[in-house]
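First up is the structure itself, then whatever we jot down about it.
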């Protein structure tokens with residue numbers, strides 16, 4: 001897929017072609033890139049007044065544009081269609097079930113703590129498991145780390161002891177070490 005993206009990329013702006021136009025030398029560039037190249041071209045006065053010169057960024061050949069400029073160049077319709085298809089194919093898709101091809105993962109199995117599809121629930125390995133809708137599961141699961149941290153903190157302080165006692169023990173041992181040194 002990376003090679004395809006390279007082929008669909010303008011060699012001037014290094015982005016996917018936007019309104020691709022074909023020069024008389026058969027090379028294709030974005031319309032905006034060609035407009036910018038034409039603006040920075042400094043040879044207007046030396047050229048015939050009815051034609052606009054443009055140096056092709058690919059082959060370096062000088063091509064003559066009609067008086068209407070870049071707007072009069074033919075659009076590369078085939079390339080535009082390929083780019084549109086490429087962009088729609090690479091757009092993010094909803095996750096689908098690996099076990100039941102193309103079935104959307106639209107439920108949450110509370111027992112196994114994972115996303116499932118409708119077939120997983122009715123005929124698959126999650127049959128009869130308690131489920132939840134995605135939003136409720138998300139809200140509940142995003143609280144899990146903070147609840148776990150609070151629980152671990154309480155357990156740790158229970159093992160160490162009261163914070164005031166801990167500070168007192170630190171001072172005690174610090175004083176003993178200072179006197180021995």
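A short reminder: the numbers here are calculations on the coordinates, not readings from a lab. These numbers come from a predicted model, not from an experiment. Here the Cβ is made from the backbone with ideal geometry for all residues, glycine too, and neighbour counts use every protein chain on show.
Across region 49-134, Cα pairs under 8 Å and at least six residues apart give a relative contact order of 16 percent. The relative contact order of region 2-89 comes to 29 percent, based on Cα pairs under 8 Å that sit 6 or more residues apart. Computed packing ranks the peptides 111-121, 137-147 as 111-121, 137-147, most packed first, by mean other Cβ atoms within 10 Å. Let's test the formula: R0 of 41 Å, r as the Cβ-Cβ distance of residue 71 and residue 96. What FRET efficiency results, to the nearest 0.05? With R0 = 41 Å, the Cβ-Cβ based efficiency is 0.40. At R0 = 30 Å, how high is the FRET efficiency between residue 149 and residue 110 if r is their beta carbon distance? Nearest 0.05 is fine. Approximately 0.85, to the nearest 0.05. Using a Förster radius of 45 Å, what is the FRET efficiency between residue 103 and residue 78 based on their Cβ-Cβ separation? Nearest 0.05, please. Step by step, r from the Cβ atoms, then E = 0.80. Placing a pseudo-label 7 Å from each Cα along the Cα-to-Cβ vector at residue 18 and residue 125 gives an inter-label distance of 4.7 nm.
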